[in-house]
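Peer 1: Quick one: structure below, then a few questions.
The values are calculated or read from the model by the stated rules, or taken from the named source; none is laboratory data. Remember, it's a predicted structure, so these values are computed and weren't measured experimentally. Cβ atoms come from the backbone with ideal geometry, glycine included; neighbour counts cover every protein chain shown. What goes into the accessible areas is simple: the full protein's heavy atoms, side chains included, and nothing from ligands, DNA or RNA. Shrake-Rupley method; radii C 1.70, N 1.55, O 1.52, S 1.80 Å.
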Amino acid sequence: MVAGGTGYIGSHTTVELQNAGYEVIIFDDLSNSNVEVLDGIERITGVRPDFVKLDLKDKEATRKALENYPDVKGIILFAASKAVGESVRMPLKYYRNNIVTLINLLELMPEFGVEGIVFSSSCTVYGQPDRENLPVTENAPIKPATSPYGNTKQINEEIIRDTIHSGAPFKSVILRYFNPIGAHPSAEIGELPNGVPQNLIPYLTQTAIGIRKELSVFGDDYNTPDGSCIRDYINVVDLAKAHVVAMDRMLENKSDYPIEIFNLGTGKGVSVLELIHTFERATGVKVPYKIVGRREGDIEQVWANPERANKVLGWTAKESLADTLLSAWNWQKRLRERGVQ
Ligand code: UFG
């Protein structure tokens, strides 16, 4: 069962799960996604996943839905609110959505004999790592969260850890994503933010296609080689494939540990300016941009040491940044063809 399977990462993961032979059921309340995503998934894989429109904060409704699917063996939890800025303005929305959903699922899993849960976490739990901890491993210190959103990810991880340590009859894999970007190479599914995008790539592609006038680069006076912030941008299909490996690992009992944590990144740090120039080279399209002041709360630089995932999961991020940016551009063009502005 993929909770939040019509969202950006959830839809790409559903495709990879189906390609690997899994039968997928999506539970999603469509609060930040569109039911037409199911058509895209079907066009890519030839299989339409079962879909239940459901608010996962409603435990009784979730229980009823699981009663209809007694064969669910594993859960992947994507369903969550994820906008950092909004979480500062509306903390209770974030605590309710992100925490109640997880607690409900953890309480229901033993009732239905669900064997494991893969949880979407974030490199936000590391905050700004100290220099000596870059690239960050899973053992880098967890820093105090800088937003309610980030705090929910830390609390979610603790809830899972405490529940497993209490002897709960299931396993968990916690995946800490760096910056997922790009779209499926078919351009049938991709990221579809509501309103003005807050994240770099949708803002950049909307600028390149003329929906936005120019991209603001938030700061060029950071202590980095070109002064702009550094992130580890990971292709969303690569990221999706890691979930399949994690699910296999849990269900086939390949791990000696009931809970495991993996960083999912490329291992390469890329600055905002480098990324813009790579996009321009890959697509041949110019991106108008201007340097503006720093964005409050931004991390200066963070990128992954993904060795644990490489060695233990046998998973590596494969796509190049240029191809990934091209996929984001092709998706933006597809949205234009469909009349989505
Ligand atoms: N940026 C710009 N202009 C924009 C948008 C972003 O210059 O219009 C810059 C940011 O300053 C940052 C980089 O592009 O340096 C990436 O910004 P994003 O907003 O795309 O991503 P963040 O790294 O800030 O945040 C993302 C997710 C969070 C997650 C976090 C983990 O949005 O959900 O990674 O660090 F928590």
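Peer 1: Kindly indicate whether Asn263 is under 30 Å from Val114 (Cα atoms), open to solvent by less than 60 Å² (accessible area, probe 1.4 Å) and out of contact with any strand residue (DSSP E or B) (no Cβ under 8 Å at 6 or more places or on another chain).
Peer 2: No; evaluated as a whole, the condition is false for this residue.
Peer 1: Here is a further query. Please work out which residue is surrounded by the fewest Cβ atoms within 10 Å (Cβ to Cβ), limiting yourself to segment 161-180 and to residues that are out of contact with any Pro (no Cβ under 6 Å at 6 or more places or on another chain) and among the β-branched types (Val, Ile, Thr).
Peer 2: Thr163
Peer 1: Restricting attention to segment 162-205, report how many residues are in a helix (DSSP H, G or I), away from the ligand (no atom under 13 Å from the Cβ) and either within 16 Å of Thr278 (Cβ to Cβ) or among the hydroxyl-bearing types (Ser, Thr, Tyr) (or both).
Peer 2: Of the residues in segment 162-205, 1 are in a helix (DSSP H, G or I), away from the ligand (no atom under 13 Å from the Cβ) and either within 16 Å of Thr278 (Cβ to Cβ) or among the hydroxyl-bearing types (Ser, Thr, Tyr) (or both).
Peer 1: Of all residues in segment 107-133, how many are open to solvent by 30 Å² or more (accessible area, probe 1.4 Å), touching a strand residue (DSSP E or B) at 6+ places or on another chain (Cβ under 9 Å) and assigned to a loop (DSSP other than H, G, I, E, B)?
Peer 2: Residues meeting the conditions: 2.
Peer 1: Tell me which residues, restricted to segment 206-246, are away from the ligand (no atom under 13 Å from the Cβ), more than 16 Å from Glu191 (Cβ to Cβ) and open to solvent by 10 Å² or more (accessible area, probe 1.4 Å).
Peer 2: Of everything in segment 206-246, those that are away from the ligand (no atom under 13 Å from the Cβ), more than 16 Å from Glu191 (Cβ to Cβ) and open to solvent by 10 Å² or more (accessible area, probe 1.4 Å) turn out to be Gly210, Asn223, Pro225, Lys241, Val244, Val245.
Peer 1: For segment 138-161, enumerate the residues that are more than 16 Å from the ligand (Cβ to nearest atom) and either of a type in the set (Asp, Glu) or part of a loop (DSSP other than H, G, I, E, B) (or both).
Peer 2: If the condition is that a residue be more than 16 Å from the ligand (Cβ to nearest atom) and either of a type in the set (Asp, Glu) or part of a loop (DSSP other than H, G, I, E, B) (or both), then Asn139, Glu158 are the ones that fit.
Peer 1: Next question. When residues of segment 30-62 are filtered for being open to solvent by less than 50 Å² (accessible area, probe 1.4 Å) and either among the acidic types (Asp, Glu) or in a helix (DSSP H, G or I) (or both), how many remain?
Peer 2: 8
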